[in-house]
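The next block holds one structure in the form of structure tokens; read it before the comments.
A short reminder: the numbers here are calculations on the coordinates, not readings from a lab. These numbers were taken from a predicted model, which means no experiment stands behind them. Don't worry about glycine lacking a Cβ; one is built from the backbone with ideal geometry, like all the others, and counts go over all protein chains shown.
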Amino acid sequence: MPLQFNIHYSREQARALLPQIRNWLDKLRGHLAEVAKYEKRLVGLLAPGQDLGGDLVNRWVRAVVAAEQIFGEFSQREIQLKDVDRGLIDFPAVIGGREVFLCWEQDEEDVEYWHDLDTGYAGREPL
């Protein structure tokens, strides 16, 4: 059976990335909060004939780009960001010859769970 992912993580490799992932999640939440704040202000300016240029749009674009860069960090490593608010992360892995996800949530100290690719959080089992 062909593998879905090109990158697979051992528990130790996933564990080593946790400090960086925590940092990315914190920054991502901040950027997404900025995007939401600017979008709320921009919605009021969407009346016909209004000019949406200027500093507000520039700040919104910078926040969107910063968030996209962090999403890209996850994507290029094939790490699945399942829920930004919870910090729910899946690392592709191979256990017992099967492709699975190592599953981690930000409030957890270590990578302690795994689940099949199609079962999600509800199918988590201890390593």
(message) Where the second residue is polar (S, T, N, Q) and the first is more than 12 Å from P126 (Cβ to Cβ) and lies in the stretch 88-116, which pairs have Cβ atoms under 6 Å and are six or more apart or on separate chains?
(response) D90/Q80
(message) Scan the stretch 57-78 and tell me whether some residue there is assigned to a loop (DSSP other than H, G, I, E, B) and under 21 Å from the mean Cα position of the chain (by Cα).
(response) yes
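Within the stretch 55-64, is there a residue that is basic (K, R) and closer than 30 Å to E12 by Cβ? Can you show your working first?
Just the residues of the stretch 55-64 that are basic (K, R), to begin with: 59, 62.
Okay, now just the ones that are also closer than 30 Å to E12 by Cβ, so none.
The answer is no; no qualifying residue exists.
Looking at the structure I just gave you, is A93 surrounded by 15 or more Cβ atoms within 10 Å (Cβ to Cβ), over 23 Å from L3 (Cα atoms) and touching a His at 6+ places or on another chain (Cβ under 7 Å)?
Numbers: surrounded by 15 or more Cβ atoms within 10 Å (Cβ to Cβ): yes; over 23 Å from L3 (Cα atoms): no; touching a His at 6+ places or on another chain (Cβ under 7 Å): yes.
The answer is no for A93.
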